[in-house]
Amino acid sequence: MKLALRLAAKGAGWVSPNPMVGAVVVQDGHIVGQGYHRRVGAPHAEVEALRQAGDASRGADLYVTLEPCNHQGRTPPCTQAILAAGVSRVIIATPDPNPKVAGGGCAYLRSQGVAVETGVLSTEARRLNEAWFHWVATGLPWVIAKAACSLDGKIATATGESQWLTGEASRAYGHRLRHRVDAILVGINTALSDDPQLTTRLRRGRGQDPIRVVLDSRLRLPLTTKLFRLNSPAPTWVACTATAPKEKIRAIKDLGAEVLVFPSESGRVPLKPLLELLGKQQVQSLLVEGGAEVLGGFFDQRLVNQFYFFFAPKILGGRKAPGVLGGEGVARLVEAHQAKAPAIRRIVPDLLISGYL
């Protein structure tokens with residue numbers, strides 16, 4: 001099952017809105033087939049592994065990280081492939097919470113005489129697909145907060161200089177995060193000051209671009225911004241309020257971008273309704289890259305599920321230098337956000353502190 005989980009992880013960034021799944025076929029203690037779900041519309045992990053195993057699948061054990069599907073989707077049901085291959089036992093890490101599956105795969109296999117066991121490395125399997133499980137349960141994207149700052153928590157100098165605080169290795173790590181998520185979000189101030197591309201730039205050009213989302217309540221984003229002129233298969237979405245100029249909405253749409261209009265919430269785009277809309281568009285994971293006020297807003301409303309804070313070995317100081325989080329913050333220590341499972345990793349020359357909320 002550990003091997004199946006490692007295989008499943010290879011699908012990160014390529015399979016959404018499907019979950020990552022890996023499978024291994026074992027005959028008489030020997031691995032005879034293995035596979036993983038490579039991309040949307042491609043064969044599922046079980047089918048890949050069984051094809052590789054061939055006739056050796058008959059009477060074999062199949063290890064799979066998620067309950068096999070028993071319904072027709074983009075591909076045929078995996079339960080039928082398992083029966084046709086003659087597998088005698090299926091070992092599953094975790095049941096599938098998708099209402100289209102939800103125990104149906106296990107029940108059908110058992111009804112056909114296949115032995116089924118569940119719960120092997122289930123915690124690890126759920127962690128691998130945490131965004132997908134969260135989206136299935138809540139309809140909301142899994143929100144990841146990401147920031148780069150100095151040791152004293154500043155994201156820029158007092159004069160606004162911020163590029164580049166962290167080193168090349170940290171920036172490459174950030175691009176790997178972009179590849180794994182469905183969408184990335186910044187606020188209008190970041191868009192105006194940096195004119196970012198918000199694309200995934202990895203070595204050899206590999207990697208998926210996430211959907212680019214900009215919070216711009218009054219549509220101040222210039223029509224000449226890079227976000228409207230990228231050679232990228234991923235779209236740009238601009239979230240504004242109903243007070244935004246109608247002619248600017250039309251101009252942005254004419255450039256091929258999507259404009260999402262929301263009722264104003266204290267002059268800003270309301271974050272929870274935005275997440276609800278993204279979830280309906282099958283955005284399962286959202287990387288929030290800032291700036292400080294946007295990050296602070298997500299923390300204030302307790303919408304963050306996971307965080308990655310990169311600390312450069314620099315101390316900036318300055319009462320006017322912006323910190324990582326703006327917003328209102330908490331009034332009392334008992335209200336503080338409590339990090340769970342915090343981890344520290346050295347990404348030379350920086351430090352990465354990550355965890356859950």
Fill in the blank from the handout: With all protein chains in place and a 1.4 Å probe, H37 shows an accessible area in Å² (nearest 10) of 10
Exercise for the section: May I ask for the net charge around R89, where only other residues with Cβ less than 14 Å from the Cβ of R89 are counted and Lys, Arg are +1 while Asp, Glu are -1? Expected result: -2
Handout entry: Probe 1.4 Å, all protein chains present, accessible-area order of I184, I344, largest first
Key = I344, I184
Practice task
Using Cα pairs closer than 8 Å and at least 6 residues apart in sequence, work out the relative contact order for the range 232-273, in percent.
Solution key: 45
Fill in the blank from the handout: The Cα extents of the range 248-333 along the principal axes, largest first and rounded to whole Å, are 44, 28, 26
Exercise for the section: Over the chain, give the accessible area per residue in Å² for a 1.4 Å probe, as an integer. Expected result: 49
Practice task
Check each of the trypsin sites (Lys or Arg not before Pro) in the range 78-140 and keep only those in coil by DSSP with at most 15 other C-beta atoms within 10 angstrom; list them in order.
Solution key: K100
Completion exercise
Amide H neighbours of D96 at under 5 Å, excluding residues fewer than 5 places away on the same chain, with H built from the backbone geometry, are E67, A102, G103
Handout entry: Radius 12 Å from Cβ of F311, net charge of other residues (Lys, Arg +1; Asp, Glu -1)
Key = +2
Fill in the blank from the handout: Within the chain, pairs of Lys residues whose Cα atoms are less than 14 angstrom apart, provided they are eight or more positions apart or on distinct chains, add up to 5
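With a 1.4 Å probe and all protein chains in place, put S232, S111, S88 in order of accessible area, largest first.
S111, S88, S232
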Handout entry: Gaussian network model of the chain, Cα within-10 Å springs - most flexible of A145, A292, A102
Key = A102
Problem - Hydrodynamic radius (Kirkwood) for the range 1-110, which is based on Cα pairs only, to one decimal in Å - result: 13.4
Handout entry: Percent of Cα-Cα distances greater than 35 Å, calculated over the chain
Key = 33
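The values are calculated or read from the model by the stated rules, or taken from the named source; none is laboratory data. Since the model is a prediction, treat every value here as computed from it, not as a measurement. Positions of Cβ are backbone-derived with ideal geometry, glycine not excepted, and every protein chain shown enters the neighbour counts. SASA here: full protein model, heavy atoms, side chains in, ligands and nucleic acids out. Shrake-Rupley method; radii C 1.70, N 1.55, O 1.52, S 1.80 Å.
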